[in-house]
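The values are calculated or read from the model by the stated rules, or taken from the named source; none is laboratory data. Keep in mind that what you see is a predicted model, and the values were worked out from it rather than measured. All Cβ positions, glycine included, derive from the backbone under ideal geometry; neighbour counts span all protein chains shown.
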Amino acid sequence: MSFNRASGPRTHHLAAGQFTRDPNRRQHHPDFDKLQLRGWKAAEKEGALPSAAWEKEKAWALRMGLTGSDSLTDKSIPTFARGELPHYAGINTFLKAPYIEDVTKVGAYDAAVIGIPFDGGTTYRPGTRFGPQGVRKISALYTPYNYEMGVDLREQMTLCDVGDIFTIPANIEKTFDQITRAVSHVASSGALPIMIGGDHSIGFPCVRGIAQCTSKRIGIVHFDRHIDIQEKDLDERMHTTPWFHATDLVNVPAVNLVQIGIGGWQVPREGVEVARERNTNIFTMRDVEELGLAETAARALELAWKDADAVYISFDIDSVDCGFVPGTGWPEPGGFLPREALELVSLVAKEGICGLEVVEVSPPYDCSDITALLATRVIVDVLGTLVSHGKMGSHKSIIDKPVSIPAGPDVE
Ligand SMILES: [Mn+2]
C-alpha cells in the first residue's frame with residue numbers, strides 16, 4: 001500500500017508546496033511511507049519505554065559520587081564516575097551492572113553474569129582465562145537500550161555481575177567442581193545464570209550445575225564449528241569434550257542436543273563417532289544456508305524442546321567466521337556472519353532459556369576487542385530477546401531441587 005503510486009503523494013511529514021517539481025532536482029519517492037519502516041516503528045516504541053530506573057541510577061550516582069562542580073550545566077553529573085557514564089570510565093562489570101560482592105544476595109536479580117576464567121581445557125591457543133575481563137571491558141561501551149528491539153534492560157529487568165568463579169588453573173576436575181557449585185548456587189537463587197568463559201570445557205560443569213537443581217529435562221542448543229563430544233582429549237576432559245559428559249547426566253539427553261554450525265577441518269572423528277552413537281542433532285553451515293535462519297531456528301527449537309522442560313544455550317564464539325573473531329583458540333573459516341549468529345541465537349532464545357554460556361574468547365589473540373565485543377552482543381541480544389518475549393524468569397519454574405551452599409561465618 002505504501003508503494004502504490006496510484007494513491008498519490010503522501011504528505012504527512014512534508015510541508016505544503018514541497019512537491020513542486022523542479023526537473024533539475026532529484027525527487028524522492030513521493031508516496032514512500034516512512035511510517036511503515038521498522039526504523040520508524042522502533043523510534044515510536046522508544047517513546048513508550050519507562051525511564052524510572054535511569055532517574056534512580058542518576059540520583060544514586062550523586063549520592064555515591066558526590067554532586068558535580070558548579071560549572072557543570074547538567075546537575076546529574078557526579079564528581080566521581082558512578083553507574084553507566086562515562087563509558088570509558090569506571091571499574092568494569094558486565095554492562096556496568098552492579099557487582100554483587102555478597103553472592104548470597106544474587107537472588108534479588110533477574111539475571112547474573114558469572115565470569116569463568118579458565119583455559120586449562122585448551123588444546124591449542126590459550127588465553128580464555130582472560131575472556132571474562134575482556135568481555136566486561138568492551139561491554140562498557142554499550143547502553144542498556146536496544147533501538148530495534150525497543151528494549152531497555154535497565155528499565156525492564158535487573159542484572160548483576162557476581163564476578164568470577166575461583167578456578168584452579170592446574171586442575172580441571174577441581175575447577176569443574178567449583179564451576180558446578182557456583183552455577184548451581186546462582187540457578188537455585190532464581191537468577192538466570194549467564195556464564196562468560198573460559199574455554200569450552202566449562203560447558204559440562206555449567207550444565208551440571210543447572211541440571212542438579214532440577215528433576216526436569218534440559219535440552220541444549222550448541223553453536224560451534226566443533227562437535228565437542230568426545231570422551232577425552234589428551235587424556236583429560238578438555239574443551240573438546242563437554243557434551244559427552246553433559247549428556248551422560250540423567251536429565252540432559254543427547255537427543256535434545258542440537259549442534260549448529262559444525263564443520264570444517266577441525267572436527268575430530270572421535271567426536272563424530274559419539275554424536276552418531278548418541279543420536280545428537282547436527283546442522284552444518286550449509287544446512288543453515290539452505291534452510292535459512294528462521295527455519296533452522298524452528299527445527300532447532302523443536303528438537304531441543306522435544307519432551308524437555310528447558311533449554312540451555314552454549315555459544316562458542318568460534319562458530320562465527322574467524323575473520324570476525326580473531327581472538328579465539330581454534331579459529332576456523334566459513335562460520336556464521338555476525339548478523340546471522342545474532343539473529344539465530346535470538347530466534348532460539350525467544351522461547352526462554354535456563355542458562356547461557358559464551359565461551360572461547362581469548363583476548364590475547366584479539367584485535368581491537370572485536371571478538372569480545374561480539375560475545376557481549378550475544379549476551380545482550382539474548383537478554384533483550386528474553387525481555388521482549390516476556391521470557392525473563394521463565395526458567396524459575398524448573399528449579400525444584402535448589403541447592404544450599406554454606407557461607408563462611410560472619411566477620412567484623
Ligand atoms: Mn569451537
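Would you check if VAL361 is of a type in the set (A, V, I, L, M), in contact with a helix residue (DSSP H, G or I) (Cβ under 9 Å, 6 or more places away or on another chain), away from the ligand (no atom under 13 Å from the Cβ) and assigned by TED's automatic domain parsing to the domain that holds VAL288? Show your work before the answer.
Values: of a type in the set (A, V, I, L, M): yes; in contact with a helix residue (DSSP H, G or I) (Cβ under 9 Å, 6 or more places away or on another chain): yes; away from the ligand (no atom under 13 Å from the Cβ): no; assigned by TED's automatic domain parsing to the domain that holds VAL288: yes.
No.
Quick one: which residue in LEU291, LEU303, LEU337 is at pLDDT 95 or above, under 25 Å from GLN212 (Cβ atoms) and either away from the ligand (no atom under 16 Å from the Cβ) or touching a Ser or Thr at 6+ places or on another chain (Cβ under 6 Å) (or both)?
LEU303
Which of (1) more than 17 Å from SER404 (Cα to Cα); (2) under 19 Å from the mean Cα position of the chain (by Cα); (3) assigned to a helix (DSSP H, G or I) is the odd one out, the single condition ARG225 does not satisfy?
(3)
Do we find that MET157 is in contact (Cβ under 8 Å) with a residue 24 or more places away in the chain and within 16 Å of the ligand (Cβ to nearest atom) in this structure?
Values: in contact (Cβ under 8 Å) with a residue 24 or more places away in the chain: yes; within 16 Å of the ligand (Cβ to nearest atom): no.
No.
Can you pull out every residue in the range 165-200 that is touching a helix residue (DSSP H, G or I) at 6+ places or on another chain (Cβ under 6 Å) and in a helix (DSSP H, G or I)?
Residues satisfying the conditions are PHE176, ILE179, THR180, VAL183, SER184, VAL186, ALA187, SER189, HIS200.
Quick one: GLY203 ticks every box in (1) of a type outside the set (A, V, I, L, M, F, W, C); (2) assigned to a helix (DSSP H, G or I); (3) over 17 Å from the mean Cα position of the chain (by Cα) except a single one, so which number is it?
(3)
Within the range 263-288, how many residues are within 16 Å of the ligand (Cβ to nearest atom) and either in contact with a strand residue (DSSP E or B) (Cβ under 7 Å, 6 or more places away or on another chain) or not in a helix (DSSP H, G or I) (or both)?
13
Does at least one position in the range 348-358 carry a residue that is assigned to a helix (DSSP H, G or I), without any contact (Cβ under 8 Å) to a residue 60 or more places away in the chain and β-branched (Val, Ile, Thr)? Talk me through it step by step, then tell me what you get.
Pass one, the range 348-358, residues assigned to a helix (DSSP H, G or I): 348-349.
Adding the requirement that they be without any contact (Cβ under 8 Å) to a residue 60 or more places away in the chain leaves 349.
From what's left, β-branched (Val, Ile, Thr): none.
There is no residue in the range 348-358 that is assigned to a helix (DSSP H, G or I), without any contact (Cβ under 8 Å) to a residue 60 or more places away in the chain and β-branched (Val, Ile, Thr).
Residue check: is LEU234 surrounded by fewer than 19 Cβ atoms within 10 Å (Cβ to Cβ), in the same structural domain as ASP199 (by TED's automatic domain parsing) and within 22 Å of ILE353 (Cα to Cα)?
In short, no.
So which residues in the range 220-235 are β-branched (Val, Ile, Thr) and away from the ligand (no atom under 13 Å from the Cβ), if there are any at all?
ILE220, VAL221
Kindly provide the set of residues from the range 260-284 that are closer than 20 Å to GLY329 by Cα and surrounded by 19 or more Cβ atoms within 10 Å (Cβ to Cβ), ordered by number.
Within the range 260-284, ILE260, GLY261, ILE262, GLY263, VAL267, GLY271 meet the criteria.
Does any residue of the range 92-108 turn out to be modelled with pLDDT under 95 and either under 21 Å from TRP54 (Cα atoms) or not assigned by TED's automatic domain parsing to the domain that holds ALA246 (or both)?
Yes, that holds for at least one residue.
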